[in-house]
Structures are given as structure tokens and as C-alpha cells.
1. Could you check the stretch 87-101 and list, in sequence order, the residues that are open to solvent by 30 Å² or more (accessible area, probe 1.4 Å) and either in a loop (DSSP other than H, G, I, E, B) or closer than 28 Å to ASP31 by Cβ (or both)?
2. Can you name the residue in the stretch 7-21 that is open to solvent by less than 60 Å² (accessible area, probe 1.4 Å) and part of a helix (DSSP H, G or I) and, of all such residues, is farthest from GLY38 (Cα to Cα)?
3. Give the residues of the stretch 102-122 that are hydrophobic (A, V, I, L, M, F, W, C), within 12 Å of ARG36 (Cβ to Cβ) and in a strand (DSSP E or B), sorted by residue number.
4. Would you confirm whether or not the stretch 32-54 contains a residue that is open to solvent by 60 Å² or more (accessible area, probe 1.4 Å), free of Cβ contacts under 8 Å to residues at least 12 places away in the same chain, out of contact with any His (no Cβ under 8 Å at 6 or more places or on another chain) and not in a strand (DSSP E or B)?
5. Test GLY24 against the criterion of being in contact with a helix residue (DSSP H, G or I) (Cβ under 9 Å, 6 or more places away or on another chain) and either over 27 Å from ALA100 (Cβ atoms) or open to solvent by 60 Å² or more (accessible area, probe 1.4 Å) (or both), and give yes or no.
Amino acid sequence: MRFHHIGIACRDLDVDATALTVLGYRAESEDFTDPRQGIRGRFIIGPGPRLELLTQLERSGVLEPWLAKGVKAYHQGYEVSDLDAEIERLKSAGAIVVSAPQPAVAFRGRRISFLMLKNLLLVELIDSGRG
């Protein structure tokens, strides 16, 4: 397991990206849109951890629970070499699968899955493609 990013919920990608330039962050790659997940996103890098800025697509309420409460940082992403085995390991420790494995545009079709840990931390597991 290797740390990849912190997911940040946004109403507007450009507004949040601009606000983070004061800390030295800049776009790492082009924006992506993932209709299956109902999001548009942008990875940014800087002096701290990689951030994944995410906004929901029109008619998608996937981020609304966090946005409505003013929560910005809402998940941590980790690359794993065996996605299915890691899901089972976390489930055996009490995690709940929130989103079953599915291909993700942000990772060129590699599978991802979201799980809620017992302490209510939402984690995204990203298949490294090296398994």
C-alpha cells in the first residue's frame, strides 16, 4: 500500500485550485471527467501531499454530503498491488465497502474502490496495475 492523494470536495475546481496556488500547488495533469462516478477532477501537486480536487457533475449529488457540511478533505487514496485482496483485508478489520471496484477515468481505467474504516475515514484503494 502506497499513499497517493487526499481527495478534496469542491464546488468549483478553478476557485479551489487558485486558492491553493498561494501554498505552491499547481496542476499535475489535465482535468478528467468520470460520468460513472458523477465527478470532474484535477490532481494538483505542491509542497505537501498530492491533492485530488473533485466537483460533482450536474445532476450528481455524490459530493453533496460533504459540501453541505463544508467538509473539504474527505478521503485518502492509496495504490495497492492487489485490489481484491486489500479490500478483503480491510473488511476483515471492520471496514465497509462504500463503492465496489470499478474502472476510473482518473487512473486510465484501473479499478478503484471506496471503503469506510471503523473510525469513519473514507479511503480509496487504487489498483496499481502492478499486481
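The values are calculated or read from the model by the stated rules, or taken from the named source; none is laboratory data. Remember, it's a predicted structure, so these values are computed and weren't measured experimentally. Counting neighbours? That spans all protein chains shown, and the Cβs are built from the backbone with ideal geometry, glycine included. Just so you know, the surface numbers come from the protein's heavy atoms only, side chains and all, with ligands and any DNA or RNA stripped out. Shrake-Rupley method; radii C 1.70, N 1.55, O 1.52, S 1.80 Å.
1. At the first step, the residues of the stretch 87-101 found to be open to solvent by 30 Å² or more (accessible area, probe 1.4 Å) are 88-89, 91-94, 96-98, 100-101.
Hits for the stretch 87-101 are ALA93, GLY94, VAL97, VAL98, ALA100, PRO101.
2. Initial filter on the stretch 7-21 (open to solvent by less than 60 Å² (accessible area, probe 1.4 Å)): 7-10, 13, 16-17, 20.
Within this subset, residues satisfying the condition of being part of a helix (DSSP H, G or I) are 13, 16-17, 20.
Values: LEU13: 14, ASP16: 19, ALA17: 20, LEU20: 24 Å.
Among those that are open to solvent by less than 60 Å² (accessible area, probe 1.4 Å) and part of a helix (DSSP H, G or I), it is LEU20.
3. Of all residues in the stretch 102-122, those hydrophobic (A, V, I, L, M, F, W, C) come to 104-107, 112, 114-117, 120-122.
The next check asks that each one be within 12 Å of ARG36 (Cβ to Cβ); those that pass are 104-106, 112.
Matches in the stretch 102-122: ILE112 only.
4. No; the residues of the stretch 32-54 include none that is open to solvent by 60 Å² or more (accessible area, probe 1.4 Å), free of Cβ contacts under 8 Å to residues at least 12 places away in the same chain, out of contact with any His (no Cβ under 8 Å at 6 or more places or on another chain) and not in a strand (DSSP E or B).
5. Details: in contact with a helix residue (DSSP H, G or I) (Cβ under 9 Å, 6 or more places away or on another chain): no; either over 27 Å from ALA100 (Cβ atoms) or open to solvent by 60 Å² or more (accessible area, probe 1.4 Å) (or both): yes.
Spelling it out, it is not the case that GLY24 is in contact with a helix residue (DSSP H, G or I) (Cβ under 9 Å, 6 or more places away or on another chain) and either over 27 Å from ALA100 (Cβ atoms) or open to solvent by 60 Å² or more (accessible area, probe 1.4 Å) (or both).
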